[in-house]
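Trainee: My structure is below; once you've seen it, I'll send some questions.
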Amino acid sequence: INDLLTKKPLTGKKVLISAGPTKEKIDPIRYFTNHSSGKMGFALAEEAQRLGADVTLVTGKVSLSTPVNVKRVDVTTAEEMYQQMIKHFQDKDIVIKAAAVADYRPITTYDKKMKKQPGNLVIEFERTKDILKELGDIKTTQYLVGFAAETNDVINYGQKKLQDKNLDAIVINDIQAEGAGFAGDTNVVTFITSGGIQKNIELTTKNNISKQLLMLISSDLKDDTK
Ligand code: CTP
Ligand code: CA
């Protein structure tokens, strides 16, 4: 009876979250990556689990411990993240892509250390797959949420990503705003749904933001007749 009284909003929901940076190898010593700490994705996983969800977390290399009762899958590259997200996508109710995926990887990788040479170094890069867009193309009943890291014209760029990637909602980060960004424990975001709901979440901890985002997602799910 206690269970009924305290029924959590995400009970019975299967949630897939991606977090952290991807790392693209250049040679055995060097790689190409970004500043993502994984904190936002890990906070989402922790809060989703607390709200009753069955959570799978696909993460790039981060130095964070796994939240309790969360299934963790570790990956390194964008290609590996793509493979694991596709593998775990089908039976999920909610999929949130908080990872900072490298848009490019070196075309050639070396098995031996590159020795320095006179003059400049030019490394040629090729595009990685846009994982979120691929998920948007194949989704059926999944509620798909993306993140957008922007520095200017943030709402417009975010709204464009929401449409282009066939998302149900997007969480827009102005990474230059006070208290926002990759490394810290706080963030400030705007949440926009494909149905036109727009909510600003003021500067607070990433755990607090996560809880609010998950409550917004949960109520948007219920309104859905898709
Ligand atoms: N994303 C992804 N795969 C990529 C690049 C991005 O899945 N190869 C996802 C991110 O996880 C995020 C969303 O797409 O949820 C937006 O990422 P962002 O870097 O802000 O946008 P891009 O579409 O990569 O466009 P740009 O970097 O040019 O702004
Ligand atoms: Ca990008």
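The values are calculated or read from the model by the stated rules, or taken from the named source; none is laboratory data. Every value quoted in this text rests on a predicted model; they were computed, and no experiment measured them. Every residue, glycine among them, receives a Cβ derived from its backbone with ideal geometry; neighbour counts consider all protein chains shown.
Trainee: Looking at the range 91-104, which of the residues that are more than 16 Å from ligand 2 (Cβ to nearest atom) and not aliphatic (A, V, I, L, M) is surrounded by the fewest Cβ atoms within 10 Å (Cβ to Cβ)?
Mentor: 91
Trainee: Still on this model: Go through the range 1-37 and report how many residues are crowded, with 18+ Cβ neighbours inside 10 Å, within 16 Å of ligand 2 (Cβ to nearest atom) and modelled with pLDDT of 95 or more.
Mentor: Result for the range 1-37: 7.
Trainee: Of everything in the range 91-105, what is of a type outside the set (A, V, I, L, M, F, W, C), over 16 Å from residue 48 (Cβ atoms) and near ligand 1 (Cβ under 8 Å from one of its atoms)? Give them in sequence order.
Mentor: The one that is of a type outside the set (A, V, I, L, M, F, W, C), over 16 Å from residue 48 (Cβ atoms) and near ligand 1 (Cβ under 8 Å from one of its atoms): 103.
Trainee: Now a separate question. With the condition kept exactly as written, say whether any residue in the range 57-67 is away from ligand 1 (no atom under 15 Å from the Cβ), modelled with pLDDT of 95 or more, polar (S, T, N, Q) and under 14 Å from the mean Cα position of the chain (by Cα).
Mentor: No - not one qualifying residue is present in the range 57-67.
Listed here are the residues, each with its yes/no results for (1) farther than 20 Å from residue 211 by Cβ; (2) touching a strand residue (DSSP E or B) at 6+ places or on another chain (Cβ under 8 Å); (3) polar (S, T, N, Q).
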| residue | (1), (2), (3) |
| --- | --- |
| 150 | yes, yes, no |
| 155 | yes, yes, no |
| 161 | yes, yes, no |
| 168 | no, yes, no |
| 175 | yes, yes, no |
| 181 | no, yes, no |
| 184 | no, no, no |
| 188 | no, yes, no |
| 191 | no, yes, no |
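Trainee: Give the range 71-82 a look and list any residue that's surrounded by fewer than 19 Cβ atoms within 10 Å (Cβ to Cβ) and not in a loop (DSSP other than H, G, I, E, B), or say none.
Mentor: Hits for the range 71-82 are 71, 72, 73, 74, 79, 80.
Trainee: Inspect the range 83-90 for any residue being surrounded by 14 or more Cβ atoms within 10 Å (Cβ to Cβ), more than 16 Å from ligand 1 (Cβ to nearest atom) and either of a type in the set (A, V, I, L, M, F, W, C) or assigned to a loop (DSSP other than H, G, I, E, B) (or both) and give the result as yes or no.
Mentor: no
The rows are residues; the columns are (1) under 24 Å from residue 61 (Cα atoms); (2) in contact with a helix residue (DSSP H, G or I) (Cβ under 7 Å, 6 or more places away or on another chain).
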{"residue": "162", "(1), (2)": "no, no"}
{"residue": "184", "(1), (2)": "yes, no"}
{"residue": "191", "(1), (2)": "no, yes"}
{"residue": "204", "(1), (2)": "no, no"}
{"residue": "215", "(1), (2)": "no, no"}
{"residue": "218", "(1), (2)": "no, no"}
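Trainee: Give the residue, chosen from 143, 157, 110, that is of a type outside the set (Gly, Ala, Ser) and more than 15 Å from ligand 1 (Cβ to nearest atom).
Mentor: On the way: 143 fails: more than 15 Å from ligand 1 (Cβ to nearest atom); 157 fails: more than 15 Å from ligand 1 (Cβ to nearest atom).
Result: 110 is the single residue among 143, 157, 110 that is of a type outside the set (Gly, Ala, Ser) and more than 15 Å from ligand 1 (Cβ to nearest atom).
Trainee: Let me ask another. Output the residue which, of all residues in the range 1-41 that are touching a residue at least 40 places away in the same chain (Cβ under 8 Å) and in a helix (DSSP H, G or I), is nearest to residue 77 (Cα to Cα).
Mentor: Filtering the range 1-41 for residues that are touching a residue at least 40 places away in the same chain (Cβ under 8 Å) and in a helix (DSSP H, G or I), the one nearest to residue 77 (Cα to Cα) comes out as 41.
Trainee: Still on this structure: Return the residues of the range 136-189 that are among the β-branched types (Val, Ile, Thr) and crowded, with 20+ Cβ neighbours inside 10 Å; say none if nothing qualifies.
Mentor: Residues satisfying the conditions are 145, 170, 171, 172, 189.
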